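The values are calculated or read from the model by the stated rules, or taken from the named source; none is laboratory data. Note that this is a predicted model, so its numbers are computed, not measured. Virtual Cβ from ideal backbone geometry, glycine too; neighbours counted across all protein chains shown. Calculation scope for accessible area: heavy atoms of the full protein, side chains included, ligands and nucleic acids excluded. Shrake-Rupley method; radii C 1.70, N 1.55, O 1.52, S 1.80 Å.
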Amino acid sequence: MKHSALLKWSLAILFCILFCCGAAAAEEPMLTFSLESGFYAEEQELTITCNVEDSVIFYTTDGSIPTEDSEVLDYALELTDTTDLPNVLSAIGGTNPEEEYTPAHNVMKAHVIRAMAWLPDDTYTPVYNATYWIGADREELYGDLPIISMMMDYEDLFDYENGIYILGKAYDDYMQNISTPLDVWEYPANYQARGREGERLAAIEYLPFEGEGFSLDMGVRIKGGASRTNNHKSLRLIAREEYGQKALTYPVFENNLRQDGTGLVEKYKSITLRAGGNDTSFAVIRDPLIQNLATGLRFTTQANTPCILFINGEFWGLKTITEEYSDNYLQYNYGVDDKNVVMVKNGELEEGEDEDMLLFEEMFDFIATNDMSDPSNYQQACEMLDVGGLADLTALHLYIFNKDGIFENNNWMMWRARETDASNPVADGKWRFLGYDVDFCAGVYDEGKTHSVDNITEVLLADAQYEGRHTALLVRSLWQNPDFRQELLTALCDVRNIYFDARRFGDHFNAMRNAYEPYMPETFRRFGPAWVSTWDPAGHLDRQLNGLALFFSKRHMNFPWLMQDAFDLSTPVEVTVSVSVPAKGSVVLNGDRLDEFMTRKQGFSGMYFPEYPITLTAEPAEGVTFVGWQAEGCTLADPSAATIEVTLTDEVSLTAVFE
């Protein structure tokens, strides 16, 4: 009897727990959409229900947040093909001071439904969002690209006084009383608003081609410098706790490894939807292509992937989702506490406290004003600055002929940990570089025809005047030191030979071209410029992409001879590196792994100069033994040593033998 009573009592308690939990779950108010966001071949009927009786559902179809003044939903919504509906947002001009452009055709559209319920207790559910494309085939239209549907109040983008996408009142006020003549890209305009003043709330739906996406409220800002004047603008999306989540927890970029090598990046504070910057009306892919090719150099690059953007249901072009640098980025990628991060962008404090600028100024002034040929000064500079990273970044900018980078004192960022942390190798107090925005390069405005131009002598070797804390002064001062000269000249060779190897470039270029080219003509028709959209968008894009490929093809052929003339070097020597059995090991050249080259039949081939030796290390696979080097064209001090330094006098062939 005691056991029976105990059993009954336990069951009663369990029943109460389950009943209470069930009641609590049932009481949580929520809306249910009968259709998931996505593409539908036929017209659909959408119902939205609330699990709380006697609630009232309000909804909108224009992207705005529903209120008690919105339409009441007490019937099913008929979702029909929107192809022939007139443009709304796309019909608005006044976004560019140099060209008034709106598309002449009806852009692709979707239904955007936002709904909330007013509950009997006079509270409200959160706002629920969904996007529907009717009578459209997603794969046919956009392939396997992810789609972002952005929903926000019309006024936040296009209100005359406060809309952040247009010229607006700020521009009119300036034009009516021009006190200081400015370049066009400097004109005051609503879209010039920066920081929190220029941030607006948007609901973001991310719809991958396969798998689960995400829905999140985020802040949106206009992103960029001179490119803010373009009709097709870049947008920055920011997660904030006040909007719902302080970070975006979603694998936006496949296989995006943390910079510290400890796994995948799992969080993003912000991301950018790049329109292309200086390359927006041309090949479009310059920045993401070059960032992908440069990944592995001794500075940080940004992960990226293309997507299609819709704003309030209207096609807003092909964008490149790009990682955004911030103190949170450094925490999520390097494990450095965001409160311990100092960042400087183009000479101004980006993250940190005001007094942190003294750390930057101390480093800069020491290097720029002292004799770096003095070994003790150079050693101190190496303790303050990642000089290898600067050498690599300089080499990249020179190779790609970047006309808006460190030698123009623009588009550069440095960071350091304020307080050192012995447990984290990058929290050592050194300033390190972050690479970004390399659109103004590779003959962007001349279809690649400047591939043979010497852009080295003028900015690095000739007499030149640089004012203030100009980043060129860091490079030119360090150039006095023979160790840095070797560092930079070797980096220039490695950038050309390894990272922009002709076959490697071709593989990356073709993959990116295939990902972007089918969807860019429609983007040109949406945003212009008019001379492209009304003429031949596909032909224009084809010429621009071919010009980009031409630049790098010719640059690869010409660059060793350009270096020889600029630096007065000996004739470059061809170096070939291979392994006896590709599956049994690889080779590291000057610190760069040659894994992808070692799988080729011909191995690696590059041009280096006799003035500076090269260093190679043989790395056997697990369970494999390194036997030694087979060398032709040079004599090795110890052919059995895994790491060798080779002084070049003639064509050299080296094979790492594994067994």
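The table that follows gives values for the structure above.
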| item | result |
| --- | --- |
| Pairwise centroid distance, computed over Cα atoms, of the stretch 591-656 with the stretch 118-142, Å | 59 Å |
| Distance cut-off 18 Å, percentage of C-alpha pairs in the stretch 141-244 lying past it | 55 percent |
| Sequence ranges 180-187, 467-474, ranked by mean other-Cβ count within 10 angstrom, highest first | 467-474, 180-187 |
| Packing-based order for 481-494, 370-383, using average beta carbon neighbours within 10 Å, highest first | 481-494, 370-383 |
| Overall dimensions of the stretch 496-650 as given by Cα atoms, namely Rg and Dmax in Å | 21.1, 67 |
| Percent accessible area from carbon and sulfur atoms, the chain, protein chains only, probe 1.4 Å | 49 percent |
| For the stretch 394-549, alpha-carbon Rg over 2.2 N^0.38 Å | 1.29 |
| TRP561 accessible area, assembled protein chains, probe 1.4 Å, Å² | 110 Å² |
| In Å², nearest 10: area of SER653 left accessible to a 1.4 Å probe | 40 Å² |
| Reciprocal mean inverse distance between Cα atoms of the stretch 96-191 - Kirkwood radius, Å | 17.6 Å |
| Solvent accessible area, Å² - LEU73, 1.4 Å probe, full protein context | 20 Å² |
| Distribution of pairwise C-alpha distances over the stretch 211-287, 5 Å bins, in % | 3, 14, 18, 18, 17, 18, 9, 2, 0 |
| Residue-normalised accessible area of the chain, given per residue in Å² at a 1.4 Å probe | 45 Å² |
| Cβ-based net charge around ASP507, under 15 Å, with every Lys or Arg adding one and every Asp or Glu removing one | +1 |
| Rounded to the nearest 20 debye, dipole of the chain from Cβ charges on Lys, Arg, Asp, Glu | 1300 debye |
| Kirkwood Rh in Å, taken over all unlike Cα pairs in the stretch 432-491 | 13.9 Å |
| Kirkwood-type radius of the chain, with distances r between different C-alpha atoms, in Å | 28.0 Å |
| Selection of chymotrypsin sites (Phe, Trp or Tyr not before Pro), the stretch 204-261, meeting DSSP coil and at most 14 other Cβ within 10 Å | PHE209 |
| Whole-percent pair-distance distribution, where bins are 5 Å wide, for the alpha carbons of the stretch 331-440 | 2, 11, 20, 22, 21, 15, 7, 1 |
| Heavy-atom SASA rank of LYS430, LYS246, LYS267 (probe 1.4 Å, accessible area, largest first) | LYS246, LYS267, LYS430 |
| Under the span-like rule (Cα at least 27 Å along the axis, Kyte-Doolittle mean at least -1.0), DSSP H helices of the chain | 2-27, 537-567 |
